[in-house]
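J.: Just dropping this structure here.
The values are calculated or read from the model by the stated rules, or taken from the named source; none is laboratory data. Quick caveat: nothing in here was measured; it's all calculated off a predicted structure. A quick note on method: Cβ atoms are made from the backbone with ideal geometry, for glycine too, and the neighbour counts reach across all protein chains shown. Accessible surface is based on the protein model in full, side chains and every heavy atom, while ligands, DNA and RNA are left aside. Shrake-Rupley method; radii C 1.70, N 1.55, O 1.52, S 1.80 Å.
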Amino acid sequence: MGLGQIKGTVMAPDNHPLPGVSIYLSEKNNEKQYTLVSNEHGNYCFKGLPTGNYTLTYTLEGLNTVVRKD
């Protein structure tokens, strides 16, 4: 079983990057949860992840929470 990564950029509706977004990554088959905060360019990267099905949740105070499932 290999390791992978999930990365991306959080963007506002006006297409500007959003820094400071809390990003939660959870794996469906176990209780592990990983947390990152997007950098000044809105970028994030979860590295060294085992193969699996993950759910991403993005939160930022004052904005709606967004959930993305694979």
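J.: Select from the chain those trypsin sites (Lys or Arg not before Pro) which occupy a DSSP coil region and have at most 15 other Cβ atoms within 10 Å, ordered by residue number.
T.: In loop regions of the chain (DSSP not H, G, I, E or B), the sparsely surrounded trypsin sites (Lys or Arg not before Pro) are K28, K32.
J.: Which value, in Å² and to the nearest 10, is the accessible area of V67 when all protein chains are kept and the probe is 1.4 Å?
T.: Here the residue's solvent-accessible area equals roughly 80 Å².
J.: In Å², and per residue, what accessible area does the chain have when probed at 1.4 Å with the other protein chains present?
T.: Value returned for the chain: 71 Å² of accessible area per residue.
J.: What relative contact order, as a whole-number percentage, does the chain give when Cα pairs under 8 Å and 6 or more residues apart are counted? Don't jump to the answer; show the numbers that get you there.
T.: Working: 141 pairs, mean separation 24.3, N = 70.
For the chain, the relative contact order is 35 percent.
J.: With a 1.4 Å probe and all protein chains in place, put S38, S22 in order of accessible area, largest first.
T.: Accessible-area ranking of S38, S22, largest first: S22, S38.
J.: Hand me the chymotrypsin sites (Phe, Trp or Tyr not before Pro) from the chain located in a DSSP loop with no more than 12 other Cβ atoms within 10 Å, in residue order please.
T.: Nothing satisfies the criteria.
J.: Then there's this: In debye, nearest 20: dipole of the chain around its Cα centre with unit charges on the Cβ of K, R (+) and D, E (-)?
T.: Numbers: 6 positive and 6 negative charges, 52 e Å.
I would put it at about 240 debye.
J.: May I pose another question? I need the GluC sites (Glu not before Pro) found in the range 19-51, filtered to DSSP loop residues with at most 16 other beta carbons within 10 Å of theirs.
T.: E31, E40
J.: Let me ask another. Work from the charge dipole of the chain (Cβ charges, +1 for Lys and Arg, -1 for Asp and Glu, about the Cα centre) and give the residue of N53, L36, Y24 farthest towards its positive end.
T.: Most positive-ward Cα: N53.
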